[in-house]
Each structure stands twice: as structure tokens, then as C-alpha cells.
Amino acid sequence: MSPPFIEAFLGDITELPVDAVVNAANSRLAGGGGVDGAIHRAAGVTELRAACATLGGCDPGDAKATPGFALPAPWIIHTVGPVWSGGHKGEPEILASCYRRCLAVADELGARSIAFPAISTGVYGYPPHLAAELAVATVSTAPSDIELVRLVAFDTETHALYLRFLRGGP
Ligand code: ADP
């Protein structure tokens, strides 16, 4: 169990040929906008909705897997990030739990590579720099058999934050 190689990637997570793509879902696993909508469209809305409907929802900080259907990735790991409400309602602990639980579920699936979107930094309102710092710190210290972690940014600001924290910058 050596630390994974972690890289920042700028682009569309639905196109990545990794073993598992993480979805920033809602607790009903009902599909939505943002990266959730993009993953549903690319995987196949009907198939993915049906698979999610069997999972019984997902608590914030937890993670559950479905097949990737039409995605290049064989698995989708759905996690539910915290809604930001100032930072004193357990948001950092819940967000760290998302990253750790996704890595644990990926291990159970036998995955060796995983791609994460910037969980909670869209409509859930988590400040991007705090989320990026926490993502880098958590995936670099969580025990797992994953060999490659891609932290996927959909905008250049988030990409720059990942590069900065991966270099060990403040
Ligand atoms: P949340 O509800 O957890 O905040 P969002 O989907 O609103 O989730 O946003 C999470 C992050 O995913 C944002 O940084 C957003 O820019 C990014 N994002 C949206 N679409 C994609 C995509 N196709 N690939 C990668 N990241 C995406």
C-alpha cells in the first residue's frame, strides 16, 4: 500500500479512461445538474437512473458504486458532499469522508485508478481553495491500493489550486 500518484487534470471527467469516476451526487441519488448531470448523460440516463434507484440513497460523506454503463470508466462511485454553510457544521469532516469512502469503495471494486471532480464546489458552495487543499491532503494520506488519482478541475482556477497544493504550496 504505497501512496498513489496524484495528478491535476483540466477537463471533462466523463471522458476519462480510469477504473472509477466519482460523481458528486445528491443524497437521493436522483441525478441533477453539474457533474452529476454530465455523468448521467454520458453514462446513459435510463440505465444509470435505474441502477441508482436500487441503492437506497446515500448519506453525506458516504459513497456507493454503480456500473459506468456507456462511460469509458467501468465504475461510477457516487458520493454526497456537504452543503457549505460557513464551515462550522462539519463540512470539512464530511468532505474528507467523501474522498476516503470513495477510495475504500474503489478498493473493494479492485480499481487501481480513480478520477474525482471538485466535490461540493459547485452548487453546494464549498470554497474552492479550501476544498482543493482538503482533497490533496486527504487523498495523499488515505490508505488504499489505488495507484493513480486524478483530481479533475472543470475550470482553470480550480486546476491552478490543485497544482499549487500538489506542489506543497500554501
Ligand atoms: P456539488 O453539488 O457537489 O457542488 P457540482 O456538480 O455543482 O457539485 O460541482 C462540482 C464540481 O464539478 C464543480 O467544480 C464543477 O465545475 C465541476 N464539473 C461540472 N461538470 C463537470 C464535468 N463534466 N467534469 C468535471 N467536473 C465538472
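The values are calculated or read from the model by the stated rules, or taken from the named source; none is laboratory data. Because the structure is a prediction, the values reported are computed rather than measured. So basically every Cβ, Gly included, is an ideal-geometry build from the backbone, and we count neighbours across all protein chains shown. Just so you know, the surface numbers come from the protein's heavy atoms only, side chains and all, with ligands and any DNA or RNA stripped out. Shrake-Rupley method; radii C 1.70, N 1.55, O 1.52, S 1.80 Å.
Annotations
- Listed conditions (1) closer than 13 Å to PRO60 by Cβ; (2) free of Cβ contacts under 8 Å to residues at least 24 places away in the same chain are all met by HIS88, apart from (1).
- Hits in segment 94-112 (condition: within 16 Å of the ligand (Cβ to nearest atom) and not β-branched (Val, Ile, Thr)): LEU95, ALA96, SER97, CYS98, TYR99, ARG101, CYS102
- Output for segment 138-170, where each listed residue is over 19 Å from VAL105 (Cα atoms), part of a helix (DSSP H, G or I) and either open to solvent by 70 Å² or more (accessible area, probe 1.4 Å) or among the aliphatic types (A, V, I, L, M) (or both): THR156, GLU157, ALA160, LEU161, LEU163, ARG164, LEU166
- Take the conditions (1) in a strand (DSSP E or B); (2) of a type in the set (A, V, I, L, M, F, W, C); (3) closer than 26 Å to PRO127 by Cβ; ALA65 misses just one of them, which is (3).
- Residue in segment 18-39 that is in contact (Cβ under 8 Å) with a residue 24 or more places away in the chain, within 12 Å of the ligand (Cβ to nearest atom) and more than 24 Å from ILE94 (Cα to Cα) present: no
- Filter result for the condition that a residue is on the phi < 0 side of the Ramachandran plot, open to solvent by 20 Å² or more (accessible area, probe 1.4 Å), in contact with a Pro (Cβ under 6 Å, 6 or more places away or on another chain) and not in a strand (DSSP E or B), over PRO82, PRO72: PRO72
- Residue list for segment 85-94, filter: part of a helix (DSSP H, G or I) and open to solvent by 10 Å² or more (accessible area, probe 1.4 Å): PRO92, GLU93, ILE94
- Across segment 52-66, the number of residues qualifying as touching a residue at least 24 places away in the same chain (Cβ under 8 Å) and open to solvent by less than 60 Å² (accessible area, probe 1.4 Å) comes to 9.
- For segment 1-36, the tally of residues that are of a type in the set (Lys, Arg) and touching a Pro at 6+ places or on another chain (Cβ under 8 Å) stands at 0.
- Among the residues making up segment 145-170, none is at positive phi and of a type in the set (Ser, Thr, Tyr).
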